[in-house]
Amino acid sequence: MSAALTPSPTAPSVVSHDEALAQWLAEEKEVRGRLRPEHGVATMAEIAGLNGLEQMLAMLDGKLPPPPIAQTLDFTLLRAAKGEVIFQGTPRFRHYNPMGTVHGGWYATLLDSALGCAVHTTMDVGRAYTTLELKINLVRALNDKVPVVRAIGRVRHVGRQMATAEADLVGHDGKLYAHASTTCLVFDPPKR
C-alpha cells in the first residue's frame, strides 16, 4: 500500500479550504478527461491477463469503461494504488432523502465502491471477491452545499479466502462525514 497516495484526513492542512477545493476539482477534471466517455462494464476479453490493480489503472487511463453507477450517482475513481483507492463524489439535491439531506444510501454506495475497489487492487489475475459485510457510521449530514467529498478506501488484510478494508468519507475542509468497513469473500470465479 502506498502511504503517499493520501494524507491523513485529520492531518493539519497546509492549504486553505478554497485552495483544497480548487485542487480537488482540478484533479477530478483532469481524471475525467482521460476516462472513456461511455460508461459500461468491461468484457472478459478486455480484462484477460490483468490483475485487479491493472484493471483499475486501465479504467483511469480510459482503456476500460467507468461503471454506470458512477454516472448515476455522480462520483468517479480518482486514484488507485495497491490496497488503496480514492473516489470523489458530488452530493446533489437529487440524492436527498425526505428529511432534506443526502440519503445514507449515497454515502453507502460511495464508501462501498472505495472499500471494494481497494480490495480489487490486491486481486491476482483470475481472482475475484464479493462483499460479505458492510458497516457504515454516518457522523455528519451531507447536503448539496458541500461541493465534493472523497471516499478513501484502504485494505487492512487480504488472505486466500477473505479480505477486510476500511474507508473514510471526508470533505475538502478535512471534516469526516462517514466511515465504513467491509469483509469480502475472495475466491476463484467459476469458469465460463
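Expressed in nm to one decimal, what extension gain is obtained for the pair A128 and R160 from 0.36 nm per residue of sequence separation less their Cα-Cα distance?
Numbers: separation 32, 0.36 × 32 = 11.52 nm, distance 1.08 nm.
This chain segment gains 10.4 nm when fully extended.
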>> Just to confirm a number: summing +1 for Lys and Arg and -1 for Asp and Glu over residues other than R127 whose beta-carbon lies under 11 angstrom from that of R127, what do you get?
In response: -1
> Taking 0.36 nm per intervening residue step and subtracting the Cα-Cα distance, what contour gain separates K145 from M44 on full extension?
Replying inline: 32.3 nm
> Using a cut-off of 20 Å between alpha-carbon atoms, which lysines can reach K135, once sequence neighbours fewer than 8 places away in the same chain are excluded?
Replying inline: K175
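Could you tally the net charge around D144, taking each other residue with its Cβ under 15 Å from the Cβ of D144, Lys/Arg +1 and Asp/Glu -1?
Details: positive: R92, R94, R140, K145; negative: D74.
Neighbourhood net charge equals +3.
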> With axes computed from alpha carbons, what is the tilt in degrees of helix 104-120 against the longest principal axis of the chain, rounded to the nearest 10 within 0 to 90?
Replying inline: 40 degrees
> What distance in nm separates the simple spin-label points at R34 and T90, each placed 7 Å from Cα in the Cβ direction?
Replying inline: 2.0 nm
>> On a straight-distance basis, which lysines could pair with K191 in a cross-link, Cα separation under 25 angstrom, same-chain partners fewer than 8 positions away excluded?
In response: K63
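Please compute the net charge surrounding D168, taking Lys and Arg as +1 and Asp and Glu as -1 over other residues with Cβ under 11 Å from its Cβ.
On the way: positive: R150, R154, K175; negative: E166.
Charge balance in the 11 Å sphere: +2.
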>> Modelling each spin label as a point 7 Å along the Cα-to-Cβ direction, I'd like the L185/I69 distance in nm, to one decimal.
In response: 1.7 nm
> Convex hull volume of the Cα atoms in the chain, per residue, in Å³?
Replying inline: 120 Å³
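Any read-out appearing in this document is the output of simple, stated calculations on the displayed coordinates, not a laboratory observation. Quick caveat, the model's predicted, so the values are computed rather than measured. Glycine gets a Cβ as well: all are built from the backbone with ideal geometry, and neighbour counts include every protein chain shown.
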